[in-house]
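Notes follow the structure.
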Amino acid sequence: MNAVIFAGGVGTRLWPLSRKKSPKQFEKIIGNKSTLQLAAERLQPDFSWEHVYVSTGRPYLAIVQAQLTKLPLNHVVGEPEVRDVGPAVGLMTAILAKTNPDEPMVILWSDHLVRKEALFRKILRAAGEIIAADPGKIIFVAQKPRFASENLGWISYGKQVKRIDDIAFHTFVDFQYRPDKATAQNYLASGHHAWNLGYFVTTPRFLLTQYKRFVPNVYAGLLEIADAWGTTAFDAVLGSVYPSLEKISFDNAILEKLDPSQALVVSENIEWSDIGAWEALKEALQEAEEKNVTQGKVLLNDTQDSLVYNYTDKLVVTIDLEDMLVVNTDDVVLVCKKGSVPKIKKLVESMKGTEHDHLI
């Protein structure tokens, strides 16, 4: 089975650590490793490096290659222009389809945390076994909800239809996007809803069939690019054709139009967290809700329920703080309430074209 890790995006909710020149997935957010490195390493030893691919933006090719030195150089594909997730997933699918159209593949994202790595790999093995036997299917890997999240997408599922190695697979019903509080609470209580992670296992041939059916113009461009894969003309063809593809989300292009009978869902507690924002990172790493989360040279005094990250050699000291975020980099110090994180993105957008534009 092949694994494709997507490492695009900027991640302004993790500013000032995450910048255009080095987005969040490349920064040392957890310990001394980036989330990209963690995403690739948690696949080991089940996936050899020859079966791992990374999709990123062309400006970040060197960063990926430097962080994942065991990855073959031609397994890192740089999009010449951002065209949303629909073309991005299609590009990697078309590339894999050229040589291994019926070999199962798993689509993953680089800015997540998965604590139960052994269980995660067990799920992927079981899903790969099902897809190998029935390549006309897609399996969504979901997280059993820990709370009634209004910010995550949800997936609903029905009865159990398969069980492999103690991993249960259910019928797929549909997707829900960022429900209101009451709806999210109902989902949590139902026992038939889970957080949708954007992870799935299928075959390149099956997924390309969906592109051909639902977005034929994108499909035609993908085939043109894939025809050049492995040749000296690939970079030129990619640079010429890819920017012309329709800018469309993967959900709108494919997922919302899928035949439910062709999909399965596996929902387990892999202790997954989306750490695309500072408050989400704290929730993922904290030992208890009121505990602090720190990194670097920090000294906390009468401080609770706060995240303090220091990326400099200067000591950061806090006194009498509660429910706060403090992030110290070489050129920016961010101090705000945890609940104010949504304002970070707006702040960064307001800095464009100003004297602070270089800090974005």
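Computed from the coordinates by the stated procedures, all read-outs in this text should not be read as laboratory data. Bear in mind the structure is a predicted one, so any value in this text is a computation, not a measurement. Using ideal geometry, Cβ is built from the backbone for each residue, glycine included, and neighbour counts are taken over all protein chains shown.
Relative contact order, percent, of the chain when contacts are C-alpha pairs under 8 Å separated by at least 6 residues?
19
If you fit an axis through the alpha-carbon atoms of helix 117-133 and take the longest principal axis of the Cα set of the chain, what angle between them do you get, 0 to 90°, nearest 10?
With rounding to tens, the tilt is 20 degrees.
Where a ≥ b ≥ c are the square roots of the eigenvalues of the C-alpha gyration tensor, would you call the range 2-122 rounded, which needs a/c under 1.5, or, failing that, prolate if a/b is larger than b/c, or oblate?
Here the range 2-122 falls in the oblate category.
For the range 258-360, what is the charge dipole size about the Cα centre, in debye to the nearest 20, if Lys and Arg each add +1 at the Cβ and Asp and Glu each add -1 at the Cβ?
340
Test of understanding: what is the full-extension gain from L300 to D357, defined as 0.36 nm times their sequence separation minus their Cα-Cα distance?
Additional length available on full extension: 17.3 nm.
Straight distance only, please: which lysines reach the Cα of K98 with their own Cα at less than 20 Å, same-chain residues fewer than 8 apart left out?
Straight-distance partners of K98: K137, K212.
Which residue fluctuates most in the GNM of the chain (Cα springs below 10 Å): P101, P204, P179?
Result: P179 has the largest fluctuation of those listed.
Under a 10 Å cutoff between Cα atoms, tell me which one of L17, L300, L208 has the largest fluctuation in the Gaussian network model of the chain.
Taking springs between Cα atoms under 10 Å, the residue moving most is L300.
Would you mind listing how long the range 2-274 runs along its three principal axes, going by Cα atoms, in whole Å with the largest first?
For the range 2-274, the Cα extents along the three principal axes come out at 53, 42, 36 Å.
Tell me, in nm to one decimal, what length is gained between E117 and V173 on full extension, where the rule is 0.36 nm per residue of separation less the Cα-Cα distance?
17.5 nm
Go through L315, F200, A62 and say which Cα lies farthest out towards the positive end of the charge dipole of the chain; charges sit on Cβ, +1 for Lys and Arg, -1 for Asp and Glu.
My answer, from the dipole projection, is F200.
Which residue fluctuates the most in the chain, going by a Gaussian network model with Cα springs under 10 Å, if the choices are R178, R205, R19?
R178
Please report how far the C-alpha centroid of the range 98-146 lies from that of the range 1-55, rounded to the nearest whole angstrom.
17
Quick check on my link table: of K33/K346; K144/K346; K181/K343, which ones sit more than 24 Å apart, alpha carbon to alpha carbon?
In this structure, K33/K346; K144/K346 lie more than 24 Å apart at Cα.
Kirkwood Rh, Cα Rg: Rg to Rh for the range 260-360?
We get a ratio of 1.10 for the range 260-360.
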